[in-house]
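A short worksheet on the structure shown next.
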Number of protein chains: 2
Amino acid sequence: MKKVWHNLMVDAPSHRYPIYIGSGIFADFALLKAHIGKKVAIVTNDVVAPLYLDTLQNALRDNGVAAFAIVLPDGEQHKNHASLNAIYDGLLRHHADRKTTIIALGGGVVGDMAGFAAATYQRGIPFVQVPTTLLSQVDSSVGGKTAINHPLGKNMIGAFYQPQAVFADLDTLDTLPERELSAGMAEVIKYALLGDSDFLRWLEANMAALMGRNQAFLAQAVLHCCRMKAAIVAQDETEQGMRALLNLGHTFGHAIEAEMGYGNWLHGEAVAAGCVLACLLSERLGSLKTKDTARVRAIMRQAKLPDAPPVFAFERWLAHMRHDKKVESGMMRFVTLSALGRAVLTPLDDVRILRDALQPFILD
Amino acid sequence: MKKVWHNLMVDAPSHRYPIYIGSGIFADFALLKAHIGKKVAIVTNDVVAPLYLDTLQNALRDNGVAAFAIVLPDGEQHKNHASLNAIYDGLLRHHADRKTTIIALGGGVVGDMAGFAAATYQRGIPFVQVPTTLLSQVDSSVGGKTAINHPLGKNMIGAFYQPQAVFADLDTLDTLPERELSAGMAEVIKYALLGDSDFLRWLEANMAALMGRNQAFLAQAVLHCCRMKAAIVAQDETEQGMRALLNLGHTFGHAIEAEMGYGNWLHGEAVAAGCVLACLLSERLGSLKTKDTARVRAIMRQAKLPDAPPVFAFERWLAHMRHDKKVESGMMRFVTLSALGRAVLTPLDDVRILRDALQPFILD
């Protein structure tokens, strides 16, 4: 049954647009039509396509929209220039022009790549996000960060480019593998840790319902995260300041993903371990207690997420983190916690503190 | 001798920045310092580097700025993804971060690529334009269009991204090959044709002095073109309307460049022939007289530019023009002239009119 549970606006300085959170909404032409043109390129991947592509394509075609599909291989390891080029080639082959709308149908990888293609094809064409994973619904589809990876760093090439609208359809979470559901939950927990201790308590109390895919609870969690993100993006669209706090766990997480090979650790799994490391670093800096970190590890385990990173050489940790986008004039900067529910951006020039925090996870 | 002849502001909605027009200014740290950070990546090519790279790099290093160079192969045929990747690799190898400034030292190809790299590296870092050709001084360095070519279309991948400042140093025109000077003059003439018949008369009267590189006359021409462009960009940064008029001669010109192979016809040469074709099309549409076209051909010859395009099959003309960025919902749109000095954007769905206009240049 079609139902819009929630509808909120993102007031980014460059563009104002709605997020629809609901069930059975992603192929609802009555909702879609205000946000698309007469020609649509659906960018998706080979896992999502068999599940949802026909439904969306038919809804568009039945209403006189010329819709064609560009299907990419699934996985973070394909978030690269080859896939981006496949999107450009598809757009050109179908004579896409500046009025053509891209619909990104898939998870964070599809959304980030389709968004970057939209930002750069003919210097920018409109696009719509249809996130089909929990991770993309609560985080990556909102706020206009688009990117591809570079062998030397995650999301190193990209643009800030806002979508016309976001359709978070909770029904699509029914087909999500549990490992992916957990990965999305890592970002949900991240929001609680960085900015809302009440939300953390709510998550601790209701994790079983969330992991059981109770739609009312999921709708509540997606809404809460999107509201937090929208509030931050409205104030700092291009990450000059507080938006960096959304990167809690990501400096460590990106290092884990790069070191283990993109796609081996899911982004959310790496963020979960990264959040634990951010807690350990905060302990070293004297701003968090051991029992706080234990509480974070416990909720990660509740969500079936890793509560510790893999072990590798300190030089490798450092090499990856020196490419972090928060590095400023050579100085590394970490999102740390001054309390559970309160993140701060912390410059760190003494790598010994970092080594101490990472000690259990350093291969000598 | 260092001298700033003119100094004007571009009031783009997204960013306000100065254009300095002068002699001996590109390595003047007193002027540069307000527009750069503590670390600078100079992007240039293997023709410009031997002439000007050391001067700029020393001026920066002598003043405590960490400056490194990324040297690309020269030519439109290298305005592609391989060169873009070489810029990304150089930035990453030198640990460029979000505070690093890119300086584009070269002509339009260098400026467009360095600008696109700046727009997309870590989702955007600051950049400064130091255009060293007439074409880039009057046109491509101003207004924030950045791009690379795709095999199927010129400037097909890009972004609108404004520089921090533009340093148009007329001294650098002394080393410009005459063919490049002429190519730049095509864009100068384009400005006159699209919007200023007085300027057209001034160019007709003073072309000998301009082609003789009289610096006072060149300064006047560069200032006039930059003023026209700045006025248009202030009103229409992302080409929703009147900015398209700056594309006079470019739909035909891009077709010529693509058909002949990038780098064989210089961009300015193709634009010169394209402007003549725009006149012929305007004649067919009844808005221009034969003697107007003759006058345009004459000034092109004065500037040692082609006054006619190469000959190739109509299907090839069409194939290239169907990828033009002005195509909207499948309809081609051409910049035509309602008089010399007055351009209009004209949708065209009847290809027979186009075939008639191109008739002498169609290979049967």
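Which members of the stretch B:23-40 meet the condition of being of a type outside the set (A, V, I, L, M, F, W, C), away from chain A (no Cβ under 14 Å) and outside any helix (DSSP H, G or I)? Of everything in the stretch B:23-40, those that are of a type outside the set (A, V, I, L, M, F, W, C), away from chain A (no Cβ under 14 Å) and outside any helix (DSSP H, G or I) turn out to be B:Ser23, B:Gly24, B:Asp28.
For the stretch A:232-252, the criterion of being aromatic (Phe, Trp, Tyr) and within 15 Å of the chain's Cα centre (by Cα) is met by no residue. Scanning the stretch A:339-364 for residues that are in a helix (DSSP H, G or I) and touching a Ser or Thr at 6+ places or on another chain (Cβ under 9 Å) gives a single hit, A:Ala357. State yes or no: is A:Glu237 modelled with pLDDT under 95, of a type in the set (D, E, K, R) and surrounded by fewer than 21 Cβ atoms within 10 Å (Cβ to Cβ)? Here the answer is yes, as A:Glu237 does meet what is asked. Out of all the residues in the stretch A:283-333, which are acidic (Asp, Glu), over 26 Å from A:Leu181 (Cα atoms) and not in a loop (DSSP other than H, G, I, E, B)? Of everything in the stretch A:283-333, those that are acidic (Asp, Glu), over 26 Å from A:Leu181 (Cα atoms) and not in a loop (DSSP other than H, G, I, E, B) turn out to be A:Glu283, A:Glu315, A:Glu328. Identify all residues within the stretch B:17-34 that are closer than 29 Å to B:Glu237 by Cβ and either more than 22 Å from the chain's Cα centre (by Cα) or free of Cβ contacts under 8 Å to residues at least 24 places away in the same chain (or both); write none if there are none. Passing the criteria: B:Asp28, B:Leu31, B:Leu32, B:Lys33, B:Ala34. Residue count for the stretch B:41-66 satisfying the condition of being of a type outside the set (Ser, Thr, Tyr) and either assigned to a strand (DSSP E or B) or surrounded by 21 or more Cβ atoms within 10 Å (Cβ to Cβ) (or both): 9. State whether the residues of the stretch A:234-244 include one that is in contact with a Ser or Thr (Cβ under 9 Å, 6 or more places away or on another chain) and under 17 Å from A:Gly268 (Cα atoms). No, that holds for no residue. Looking across the stretch A:130-177, the residues that are free of Cβ contacts under 8 Å to residues at least 60 places away in the same chain, of a type in the set (A, V, I, L, M) and away from chain B (no Cβ under 14 Å) come down to A:Leu173, A:Leu176.
Matching residues to (1) of a type outside the set (D, E, K, R); (2) within 14 Å of chain B (Cβ to nearest Cβ); (3) within 21 Å of B:His94 (Cα to Cα):
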| residue | (1), (2), (3) |
| --- | --- |
| A:Thr290 | yes, no, no |
| A:Pro306 | yes, no, no |
| A:Arg322 | no, yes, yes |
| A:Lys325 | no, yes, yes |
| A:Ala339 | yes, no, no |
| A:Val344 | yes, no, no |
| A:Arg352 | no, no, no |
| A:Asp356 | no, no, no |
| A:Asp364 | no, no, no |
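Scanning the stretch A:302-319 for residues that are more than 24 Å from A:Ile189 (Cα to Cα) and either free of Cβ contacts under 8 Å to residues at least 12 places away in the same chain or surrounded by 15 or more Cβ atoms within 10 Å (Cβ to Cβ) (or both) yields A:Phe312, A:Phe314, A:Glu315, A:Leu318, A:Ala319. Condition check: within 16 Å of the chain's Cα centre (by Cα) and under 20 Å from A:Asn7 (Cβ atoms). Does A:Ala221 satisfy that? In short, yes.
Give A:Ala208, A:Ala183, A:Ala216, A:Ala168 a once-over and let me know the one that is of a type in the set (A, V, I, L, M, F, W, C), assigned by the TED database to the domain that holds A:Ala270 and closer than 29 Å to A:Phe29 by Cβ. Step by step, each of A:Ala208, A:Ala183, A:Ala216, A:Ala168 is checked, and only A:Ala216 is of a type in the set (A, V, I, L, M, F, W, C), assigned by the TED database to the domain that holds A:Ala270 and closer than 29 Å to A:Phe29 by Cβ. Would you be able to say whether some residue in the stretch B:23-33 is basic (Lys, Arg), over 15 Å from B:Ala165 (Cα atoms), outside the structural domain of B:Ala258 (by the TED database) and at pLDDT 95 or above? The answer is no; no qualifying residue exists. Filtering the stretch A:70-109 to residues that are within 21 Å of the chain's Cα centre (by Cα), part of a loop (DSSP other than H, G, I, E, B) and either crowded, with 21+ Cβ neighbours inside 10 Å or among the hydroxyl-bearing types (Ser, Thr, Tyr) (or both) leaves A:Lys79, A:Gly107. Scanning the stretch B:65-108 for residues that are within 13 Å of another protein chain (Cβ to nearest Cβ) and either touching a residue at least 60 places away in the same chain (Cβ under 8 Å) or among the small types (Gly, Ala, Ser) (or both) gives B:Ala66, B:Asn80, B:His81, B:Ala82, B:Leu84, B:Ala86, B:Gly90, B:Ala96, B:Lys99, B:Thr100, B:Thr101.
Of the residues that make up the stretch B:38-48, is at least one without any contact (Cβ under 8 Å) to a residue 60 or more places away in the chain, under 27 Å from B:Glu180 (Cα atoms), assigned by the TED database to the domain that holds B:Asp112 and out of contact with any Leu (no Cβ under 8 Å at 6 or more places or on another chain)? Scanning the stretch B:38-48 turns up at least one residue that is without any contact (Cβ under 8 Å) to a residue 60 or more places away in the chain, under 27 Å from B:Glu180 (Cα atoms), assigned by the TED database to the domain that holds B:Asp112 and out of contact with any Leu (no Cβ under 8 Å at 6 or more places or on another chain). Looking at the stretch A:52-61, can you tell me whether even one residue there is without any contact (Cβ under 8 Å) to a residue 12 or more places away in the chain and either within 14 Å of chain B (Cβ to nearest Cβ) or out of contact with any helix residue (DSSP H, G or I) (no Cβ under 7 Å at 6 or more places or on another chain) (or both)? Within the stretch A:52-61, one or more residues are without any contact (Cβ under 8 Å) to a residue 12 or more places away in the chain and either within 14 Å of chain B (Cβ to nearest Cβ) or out of contact with any helix residue (DSSP H, G or I) (no Cβ under 7 Å at 6 or more places or on another chain) (or both).
Criterion first (in contact (Cβ under 8 Å) with a residue 60 or more places away in the chain, part of a helix (DSSP H, G or I), closer than 24 Å to B:Ala208 by Cβ and under 23 Å from the mean Cα position of the chain (by Cα)) does B:Val271 satisfy it? In short, yes.
Scanning the stretch A:226-264 for residues that are basic (Lys, Arg) and within 15 Å of A:Val327 (Cα to Cα) gives a single hit, A:Arg243. Every test in (1) among the aromatic types (Phe, Trp, Tyr); (2) within 14 Å of chain A (Cβ to nearest Cβ); (3) without any contact (Cβ under 8 Å) to a residue 60 or more places away in the chain is passed by B:Tyr191 save one, and that test is (2).
Candidates in the stretch B:350-361 are the residues that are touching a Lys or Arg at 6+ places or on another chain (Cβ under 7 Å) and of a type outside the set (D, E, K, R); of these, the one that is nearest to B:Leu281 (Cα to Cα) is B:Ala357. Apart from one condition, B:Leu248 fits all of (1) touching a Cys at 6+ places or on another chain (Cβ under 7 Å); (2) surrounded by fewer than 22 Cβ atoms within 10 Å (Cβ to Cβ); the exception is (2). Can you report the number of residues in the stretch A:110-142 which are within 17 Å of A:Ile21 (Cα to Cα) and surrounded by fewer than 24 Cβ atoms within 10 Å (Cβ to Cβ)? Count: 0.
The values are calculated or read from the model by the stated rules, or taken from the named source; none is laboratory data. Note that the coordinates shown come from a computational prediction; the quantities given were computed from them, not determined experimentally. In this analysis, Cβ positions are derived from the backbone assuming ideal geometry, glycine residues included, and neighbour counts consider all displayed protein chains.
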